[in-house]
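The values are calculated or read from the model by the stated rules, or taken from the named source; none is laboratory data. Here the structure is a predicted model, which means the values were calculated and not measured. With ideal geometry, Cβ positions are generated from the backbone for all residues, glycine too; neighbour counts draw on all protein chains shown. To get the accessible areas, we keep the full protein, side chains included, count just its heavy atoms, and leave off ligands, DNA and RNA. Shrake-Rupley method; radii C 1.70, N 1.55, O 1.52, S 1.80 Å.
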Amino acid sequence: MSESPTPESELVDEINVIPVTDIDTLAGAYEHRVPPNSAAEAAYASLRSRRTEIHLPDEVIWRIAHGAVEPGQLESVRVEPLRVETGWLMVISYRAYSLMVSMAVENDRLLATARYAADPHADGLRTALSMPGCDDEHAVLVHPDSFAAVLESADRSAERVMSDNPQQVGERLVERPLMLTPVVFTSEHEPTAVELTAIDGNCRLASCYDRIRVRRGWLDGALPRPQSAEPVALLPSHLMPMSLEARRELVREAVKAAHARLKRARTGTPGDIEGRSRAAMALNAMTVPVQVIVGYQDDEVERGMQRFPAAVRALLMRMNVEPKPFDDGARNAVTAEEIVSGLYDEGLLYPGLRASAVRDALVGRKNVVPAMQELGLEPTWPDLRFALVVQQLTSNSRGFRAFVRSKMALRGKLTLARRNGPIVELGLRSYSARPETTSPRRALETGCVWQNLVEVDWDVENINTDEKVDALLARADGGETGAQLLLGVLGMINLVMSGHLLAAAGSAEQVAGTTIARTSVGSIIRGLLATREGRWLLADAVKQTRAGRKPRQWDSATGKLVEQPTEAKASTFNAYLRAKVLHGFEASEKRRPTDTDREAEAFAKFNAKLAEADDQLRQLIEMREKNGTIDLLPWTAVEEAAATIGYLTDDLRQISHPKPRDR
């Protein structure tokens, strides 16, 4: 099946129906027939008897049997094991009616651009659904959101995939199988419903829906009942509320209508050819090959189905490599959620009874306000939740490092660069209702963490007033490392999200009138924390940004923070800030620089260049891992760089004290 669409206006030759069963009419022409209920009932009884392999509730097995094109084949279908990191998923393969299965209720490709309950300003807006949970004994995903929210999310995903990646369906049969997983929808005020939803193949399924146009009167309560000649473009919200029987009848009506059109006498006109081709394409899109997850066996038997959602997510990530892989934002978002969920499942997320609150606050989908309150943090300040994300995902415990390395399939160390992606995605959920976050995302992706955040244990405190910010600054000025780190993180978040700390731009030197520190955001914050003026600027940025005002800038002449000019651009503030980090906050007109000053500036420039080189090396390592490159670079290619690094180390040791011994 081609990955590119063919416009219907370009149809020239008549498209033919491709047989998917052996049923023929007396005249010898192929005609598809929906199997009788008795055949589905026999398949249901057969599948239901295989409880050691198939771990599904009866309602799901009934749906599988009644959605099969040839139910008789299910009586002898083979259950195939698929290996995932936590155990084995059990899968069966058969051909199903496309209208009897559903699209994913939420598209993981859209996670980086969705709105989240983590943003205090997202109240009343459409936000991401809760993460699906597990059932005690069955291999199903459990969605607790209201069915109305589920339908709205599924329609939004369907419309997006049809816009982004329509498929050529109908001219040929769908050949590559869709991967389906059983889903149970539960809500306190609604009856339980079940579905088979696609975790892979949503573009193909949406294109099948698009080829099958039904009449309004065929739909069971989803649209007005009176018969109408107006065709309906199907969406998940039309199909999912229908009863199984009505949905099966819809398939029967669509098949009958398509064959009725094909049985009309040929006229050979372009309109006739187009009409016959549309009917043939509808029949060719009526069935799809599927693989359905029907069971799960965890490597740790005592866990039962606890890790089934993580197993399904792991399979999804493995499958979305070609031909249309996840972009970095979506992949980092999925990875981040799986890291948090896995840490929670393993008891590594947070000591004590508040682990579930930490999980809910970090994921940021639902229950964020009560979770933040339970943790003693003010939920109205998005920077506090973002800081919690940074604090939790810079943990340096052995268990944390081992689990995250395993989840991310890392062969090397858990470096700052590898932590950065998940931190950015979860952190930005605090600001997801904003109309535009491209510039902040670009800035944060340069690297928003620095080494001390990993090496030192620090806490997120409820810094929710200006007085508490001032007290935090006083402790930071007094040399308290934990206070400095929290101040740095809060200051960074507010500077970045207000647009006043950006990724280094090409014109920044011209704006600043001097060279600037072209390093990551994290390196800039580390530089600011090293000076009294920098710490004051960070504390002021927190207070000003929370109040909806521009951060104040440092005036070297007066040695004070002053308001920015009304017409000042945020990019100008960024350029001057980066220049201050590189050259220092002292005013050049106050006194002529001494030899010590010039040496200090030279060492600062050296450190900035070194940090930039380190960032470039980390990016190269990340690129190789992303591309799956395992071939080592030839020694001749790295010999000069390795020698230079060695010489730099030797030269640096000549002008510095020796490293203290560990005693």
(request) Using packing as a proxy for protection, rank 434-447, 359-372 so that the peptide with the highest average count of other Cβ atoms within 10 Å comes first. (result) 359-372, 434-447
(request) Find out how many positive minus negative residues lie around residue 456, taking Lys and Arg as positive, Asp and Glu as negative, among other residues whose Cβ is under 13 Å from that of residue 456. (result) -3
(message) Tell me which GluC sites (Glu not before Pro) from the stretch 616-663 have a DSSP coil assignment and no more than 13 other beta carbons within 10 Å of their own.
(response) none
(request) Mind jotting down the distance between the C-alpha centroids of the stretch 418-488 and the stretch 608-663, whole Å? (result) 27
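Leaving ligands, DNA and RNA out of it, report the carbon-plus-sulfur percent of the accessible area of the chain at a 1.4 Å probe. Mind showing how you got there, number by number?
Working: 16440 of 31820 Å².
The computed percentage sits at 52.
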(message) How high is the relative contact order of the stretch 417-499? Use alpha-carbon pairs under 8 Å, at least six apart in sequence, and give a whole percent.
(response) 29
(request) Return the percentage of antiparallel bridges among DSSP beta bridges fully within the chain, rounded to the nearest 5 %. (result) 80
(request) Lys and Arg at +1, Asp and Glu at -1: add these up for the other residues within a Cβ distance under 15 Å of residue 138 and post the number. (result) -2
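Quick one: net charge of residue 115's neighbours, Cβ under 10 Å, K/R +1, D/E -1?
On the way: positive: 126, 429, 434; negative: 119.
Around residue 115, the surrounding residues sum to +2.
When only DSSP loop residues count, what trypsin sites (Lys or Arg not before Pro) in the stretch 118-168 have their Cβ near at most 15 other Cβ atoms within 10 Å?
Details: sites: 126, 156, 160; in loops: 126.
When the trypsin sites (Lys or Arg not before Pro) of the stretch 118-168 are filtered for loop state and at most 15 Cβ neighbours within 10 Å, 126 remain.
Indicate the gyration tensor shape class of the chain (rounded, prolate or oblate), computed on the Cα atoms with a ≥ b ≥ c the square roots of the eigenvalues: a/c under 1.5 is rounded; otherwise a/b larger than b/c is prolate and the rest oblate.
In terms of gyration-tensor shape, prolate.
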(request) Decide, for the stretch 492-593, between rounded, prolate and oblate: order the square roots of the alpha carbon gyration tensor eigenvalues as a ≥ b ≥ c, take rounded if a/c falls under 1.5, and otherwise choose prolate if a/b is larger than b/c, else oblate. (result) rounded
(message) Going Cα to Cα from residue 609, which aspartates and glutamates come in below 18 Å? Please leave out same-chain ones fewer than 8 positions away.
(response) 509, 599, 601, 640, 650, 651
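Please tell me the relative contact order of the chain in percent, rounded to the nearest whole number, where contacts are Cα pairs under 8 Å and at least six residues apart.
12
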(request) Counting helices only, and only those DSSP H runs with n ≥ 4, report the 222 nm mean residue ellipticity of the chain as the sum of -39,500 (n - 2.57) divided by its residues, in deg cm²/dmol to the nearest 500. (result) -14500 deg cm²/dmol
(request) Helix by helix through the chain, keep the DSSP H runs that span 27 Å or more along the axis on Cα and average at least -0.5 on Kyte-Doolittle, and give those back in order. (result) 244-262, 635-654
(request) Using the structure shown, select from 569/626; 468/659; 468/550; 366/468; 468/605 the pairs with a Cα to Cα distance greater than 30 angstrom. (result) 569/626; 468/659; 468/605
(request) Could you grab the relative contact order for the stretch 258-327? Cα pairs under 8 Å, six or more apart, rounded to a whole percent. (result) 20
(request) Would you mind working out the accessible area per residue for the stretch 17-140, using a 1.4 Å probe, and quoting it in Å²? (result) 45
